Amino acid sequence: MKKRMMSLPSFSRFHILAALTLAGVAAPLLAAPADAVRARIAGYKHLGAAFKAVNDGLRRPSPDKAELLGAARTIRQSAAQQYKWFPRGSGPQAGVKTAAKAAIWTDPVKFKQAQDAFAAKAVALERAVASGDAGAIRSASRSLGATCKGCHDQFRSES
């Protein structure tokens, strides 16, 4: 007595290759927002650590100029990189947890102005550190911190 086997749908090689290709293309697109947010968070953590190193160094009786200069350089480099940290689709609408407000993408001119202000203050901090003038470094650090706060107030939600 023969047993009857259920037949599975017949897929051609084309259908299989098309499905695999679609999966290969879709996977990075689906992962992209989460990856962008992770990269952004990592960048800002690195930047924050450098800013903390500057402020901690300024609290010492004799700040280490080389240490401050390294941290200021990291801040300046991060400020230059920040422009890449907010690609379209990496905001709150992507369904990924982020503190970035939608205003970053809905008002890109204003956001870029905030980024440009931060980048300019980062350069000013590096120059102040290079001068070795503790008063100038403190002033530049406070000014840089104010640009951080201004941007956070407008473009970052408390989460």
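Some observations on this one:
- Taking 107, 133 and counting other C-beta atoms within 10 Å, the order from fewest to most: 133, 107
- Modelled label reach - residue 88, point 7 Å along Cα→Cβ, region 103-123 residues with backbone N closer than 17 Å: 103-112
- With the biggest extent put first, the Cα atoms of region 32-155 measure 47, 24, 19 Å across the principal axes.
- Amide H to amide H, with H built 1.01 Å from N, residue 156 comes under 5 Å of 101, counting only residues 5 or more places away or on other chains.
Quick note: the coordinates plus some simple rules give every number you see, no bench work behind them. Source: prediction; values computed, not measured. Using ideal geometry, Cβ is built from the backbone for each residue, glycine included, and neighbour counts are taken over all protein chains shown.
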